[in-house]
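The values are calculated or read from the model by the stated rules, or taken from the named source; none is laboratory data. On a predicted model such as this, the values are computed, not experimentally measured, just so you know. Neighbour counts run over all protein chains shown; Cβ positions are idealised from the backbone, glycine included. With ligands, DNA and RNA removed, areas are computed over all heavy atoms of the protein, side chains included. Shrake-Rupley method; radii C 1.70, N 1.55, O 1.52, S 1.80 Å.
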Amino acid sequence: MSSSKIAKRYSKALVGLCDKDKSHEHVARDLKKIVDALEENPQVPAALVDPKVGRATKAKVLESIGQSLLLRPLTRNLLSYLNDQGRLGEIEGILSDFNER
């Protein structure tokens, strides 16, 4: 899977954050859990990238996903930031590039 330039930028920043506490493996597992969960239910990723769905609604869905998957705070913050920036569609590319780094 090829990552977009945007996904690569987010991935690079995420690696830098993980360098501080050596959480690379944990965050990689979290990202994989997210991608797997989204693949299991195709309506969720469609809603997360749909501009008609408000960011507040998306934030609630992401919080629920974070809780059910027991995601680390750093990963939850990433999801929140991606939502704020309208970049939730980049999560698979971020995972791919993160794993390459």
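Structure above, values below:
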quantity	calculated
Filter result for Pro73 (closer than 20 Å to Ile6 by Cβ and open to solvent by 80 Å² or more (accessible area, probe 1.4 Å))	no
Test result for Ser96, open to solvent by less than 40 Å² (accessible area, probe 1.4 Å), assigned to a helix (DSSP H, G or I) and of a type in the set (Gly, Ala, Ser)	yes
Of residues in the stretch 41-55 being of a type in the set (A, V, I, L, M, F, W, C), open to solvent by less than 70 Å² (accessible area, probe 1.4 Å) and in a helix (DSSP H, G or I), the one nearest to Ser80 (Cα to Cα)	Leu48
Enumeration of residues in the stretch 16-34 that are in a helix (DSSP H, G or I), surrounded by 13 or more Cβ atoms within 10 Å (Cβ to Cβ) and either without any contact (Cβ under 8 Å) to a residue 24 or more places away in the chain or of a type outside the set (A, V, I, L, M) (or both)	Cys18, His24, His26, Arg29, Asp30, Lys32, Lys33
Where a residue in the stretch 50-74 is hydrophobic (A, V, I, L, M, F, W, C) and its partner, wherever it lies, is part of a loop (DSSP other than H, G, I, E, B), with Cβ under 7 Å and at least six apart	Leu74/Ser23
